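Below is one structure, written out as structure tokens; the observations come after it.
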Amino acid sequence: MIAHSFKGEVFGPAQGLHGATYIVDLEMRRKELDDDALVVDIGLASQSLAAVLADLNYKNLDAVPEFTGKNTTTEFLAAVIYERIEAKIAAGDLGGAAKGLDALKVTLHESHVAWAAYERDLNI
């Protein structure tokens, strides 16, 4: 759950402060399973995602210094979450299995008919 506003006529009434509630999906991909038949340790992945989301949850993103001057669209937030998870993988927070990951995809669902995703190959 976040609050934010947008700049630009394209956003219409969303230029005013409003709230959004997201369901976040994190998809992790690798070409081959590791020796334990894992893509990633799902427990560590869940903990890492929860930690990343805790930094955003119940925040007015307009007041977050690193987002100053940015439109914190659903797509923008998906990219932010991607980058933060990628950093956690690089730091070893998701365990050894995560070193073999090839790509991530982060999807933010605003509703059953509106969602956006950000994905790319990992640079680890």
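Values quoted throughout were computed directly from the atomic coordinates according to the rules given, and no laboratory measurement underlies them. Treat the numbers as computed from the prediction; the structure is a model and nothing was measured. Neighbour counts are summed over all protein chains in view; Cβ atoms, including those assigned to glycine, are modelled from backbone coordinates with ideal geometry.
Within the stretch 54-72, count every residue that is surrounded by fewer than 15 Cβ atoms within 10 Å (Cβ to Cβ) and in a helix (DSSP H, G or I).
Summing the residues that are surrounded by fewer than 15 Cβ atoms within 10 Å (Cβ to Cβ) and in a helix (DSSP H, G or I) in the stretch 54-72 gives 4.
When you check Thr74 against the structure, is it touching a residue at least 60 places away in the same chain (Cβ under 8 Å) and closer than 20 Å to Ala54 by Cβ, yes or no?
no
Could you list, in sequence order, all residues of the stretch 16-38 that are part of a loop (DSSP other than H, G, I, E, B), closer than 17 Å to Leu122 by Cα and touching a strand residue (DSSP E or B) at 6+ places or on another chain (Cβ under 9 Å)?
Within the stretch 16-38, Arg30 is the sole residue that qualifies.
For Glu86, which of the numbered conditions (1) in contact (Cβ under 8 Å) with a residue 40 or more places away in the chain; (2) under 24 Å from Arg120 (Cβ atoms); (3) not hydrophobic (A, V, I, L, M, F, W, C); (4) not in a loop (DSSP other than H, G, I, E, B) fails to hold?
Only one criterion in (1) in contact (Cβ under 8 Å) with a residue 40 or more places away in the chain; (2) under 24 Å from Arg120 (Cβ atoms); (3) not hydrophobic (A, V, I, L, M, F, W, C); (4) not in a loop (DSSP other than H, G, I, E, B) is unmet by Glu86, namely (1).
Starting from the stretch 90-117, keep only residues that are over 14 Å from Val40 (Cα atoms), then list their pairs with residues that are in a loop (DSSP other than H, G, I, E, B) whose Cβ atoms are within a distance under 6 Å, requiring at least 6 positions of separation or different chains.
If the second residue must be in a loop (DSSP other than H, G, I, E, B), the pairs left are Leu108/Tyr22.
Per-residue answers, yes or no, for (1) under 16 Å from Tyr22 (Cβ atoms); (2) over 12 Å from the mean Cα position of the chain (by Cα); (3) surrounded by 15 or more Cβ atoms within 10 Å (Cβ to Cβ):
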| position | (1), (2), (3) |
| --- | --- |
| Leu49 | yes, no, yes |
| Gly100 | no, yes, yes |
| Val106 | yes, no, yes |
| His112 | yes, yes, no |
| Ala116 | yes, no, yes |
